[in-house]
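Visitor: There's a structure below that I have some questions on.
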Amino acid sequence: MVRVYSSAVHLIVIMKRAATAIAFAWRAVLRRPIGRGSWLAALLLVAGSSAFALLAVVGAEKGARWLAPDYLVETRGLHVFSETLGWKPRAGASAVIGGKRVTINTRGYRGRELSFPKARTTARLVVLGDSIAFGLGVSDRETFVSLIDVRDNGIEAANLAVQGYGPGQELLVLLGEGLRADPDIVVLAFCLDNDFADAVLPVSLYDGRTPKPRFRLDGDRLVVERSSLRRTDAQRVVQWLADYSLLFNRLSTLRPRPEPSAGLHWTDLKHEALRDEEYALRLTLAIVRRMDAVCRERGIAFVLAAFPHWFTYRSKPWLARRFLDSLQAEGITVLDMSARFVARGETFRAVALDGGGHLSPLGHAIATEELESVIAALLRRSVSASPNRPHDRGPRLSGRTALRSPRSGVGAP
């Protein structure tokens, strides 16, 4: 604490000196008699003072980052504001959460960065989703996306899942970063616990305050709403400083912040969002259909992998059952992970870390094998239908590796 306090004091002194230098320069300008030479000298003085002030601020920022390299992640978290998505991962961030290493690469997603252009001999997989696919509760190397990526199967994978995202945000990610990755397969990891509510809500389900984009239905047409994310130029500057400037955040702690007003608990917010289940179903189906259509137009295989929470593990309530049955009836590939877990004789406690369905290392390992199987079938079908595609063979699926017991905490390699 002494080190942090001392660094904050030094930063304040530097800022004060820079401000004093600029003020002194401007006073000199205003007091000089009007004349070409005088004004030129004065302007040079102002420019030099401003440059000094800028360098002082940049130096202070760099010094603060050297003193406390993890400060922004520890105080502001793994996410920053986004005017298109509400929030997005902090590019280049790394943190230990619950004893597990979480690393965000320089492109802003978890795991290894994809290379461009992609290799002609591998199939490229992009995974969309929320904290389940992101891998909350497990380390970087234990997520099913990472396991698929490192196995000798001819598949390279990118994990574009983000904690707290709903289907609407995931559609926007697909239309942006997802398609830019030039994938052969897109997997939407759908969370049966909260994704229906997330599709409806204009704010984050878990804090009830953070704004996000959402889609609504205008007849049968999807319309995106982003009005709550608009910022003035001044607000953009302040938001950027809050997200990226350690110096700004240090100085901000010197004055008290008002306590945020308490909103609805997330379970109550979820209940409110699903008051009209029929609308939530139609909206979510429309979003997933749009994803599937976007992929079909580009010759990309699309899979919806439905992940259960404790209530949907053995049986499906009306909303989940109608949703999955409707997609299957329309020819969309659906992977019901709870059915796959149960078929393997696994209990919910073995494959999940909590009631919300965040996967254990064993759950991620099983999801890896099940997804590999589905992806291999889709690629074989794609190659047989289009023999001139660049990928002239399916993934090299190695022999099944026996999964270790859940007690070991280690999945398939």
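The values are calculated or read from the model by the stated rules, or taken from the named source; none is laboratory data. Owing to the predicted nature of the structure, the values given are computational and were not obtained by experimental measurement. All Cβ positions, glycine included, derive from the backbone under ideal geometry; neighbour counts span all protein chains shown.
Visitor: For Glu278, all conditions in the list (1) surrounded by fewer than 20 Cβ atoms within 10 Å (Cβ to Cβ); (2) within 22 Å of Leu175 (Cβ to Cβ) hold save one; what is the number of the exception?
Guide: (2)
Visitor: Scan the stretch 138-150 and give yes if some residue there is at pLDDT 95 or above, over 26 Å from Val288 (Cα atoms), buried (at least 24 other Cβ atoms within 10 Å of the Cβ) and of a type outside the set (Lys, Arg), otherwise no.
Guide: Checked against the condition, which is being at pLDDT 95 or above, over 26 Å from Val288 (Cα atoms), buried (at least 24 other Cβ atoms within 10 Å of the Cβ) and of a type outside the set (Lys, Arg), the stretch 138-150 yields at least one hit.
Visitor: While we're on this one: In the stretch 333-382, how many are surrounded by fewer than 16 Cβ atoms within 10 Å (Cβ to Cβ) and modelled with pLDDT under 90?
Guide: Residues flagged as surrounded by fewer than 16 Cβ atoms within 10 Å (Cβ to Cβ) and modelled with pLDDT under 90 within the stretch 333-382 amount to 2.
Visitor: Please give the number of the condition Asp243 fails out of (1) closer than 24 Å to Glu272 by Cβ; (2) in contact with a Lys or Arg (Cβ under 7 Å, 6 or more places away or on another chain); (3) surrounded by 17 or more Cβ atoms within 10 Å (Cβ to Cβ).
Guide: Looking at each condition in turn, Asp243 falls short on (1).
Visitor: Scan the stretch 172-186 and give yes if some residue there is of a type in the set (Gly, Ala, Ser), within 27 Å of Asp325 (Cβ to Cβ) and out of contact with any helix residue (DSSP H, G or I) (no Cβ under 9 Å at 6 or more places or on another chain), otherwise no.
Guide: no
Visitor: Pairs needed: first member in the stretch 208-224, surrounded by fewer than 12 Cβ atoms within 10 Å (Cβ to Cβ); second member anywhere, at pLDDT 95 or above and of a type outside the set (A, V, I, L, M); C-beta distance under 6 Å; at least 6 residues apart or different chains.
Guide: Val223/Arg216
Visitor: Within the stretch 192-202, track down each residue that is touching a Pro at 6+ places or on another chain (Cβ under 9 Å) and either buried (at least 24 other Cβ atoms within 10 Å of the Cβ) or touching a residue at least 40 places away in the same chain (Cβ under 8 Å) (or both).
Guide: As a first pass, look at the stretch 192-202 and keep what is touching a Pro at 6+ places or on another chain (Cβ under 9 Å): 192-193, 195-196, 198-199, 202.
Passing the criteria: Leu192, Asp193, Asp195, Phe196, Asp198, Ala199.
Visitor: Now, a different point. Residue pairs, Cβ under 9 Å, 6 or more apart or interchain, first in the stretch 294-318 and free of Cβ contacts under 8 Å to residues at least 60 places away in the same chain, second of a type in the set (Phe, Trp, Tyr) and part of a strand (DSSP E or B). List them.
Guide: Pairs found: Arg296/Phe302.
Visitor: Could you tell me which numbered condition Ala199 fails, if it satisfies all but one of (1) modelled with pLDDT of 95 or more; (2) in contact with a strand residue (DSSP E or B) (Cβ under 7 Å, 6 or more places away or on another chain)?
Guide: (2)
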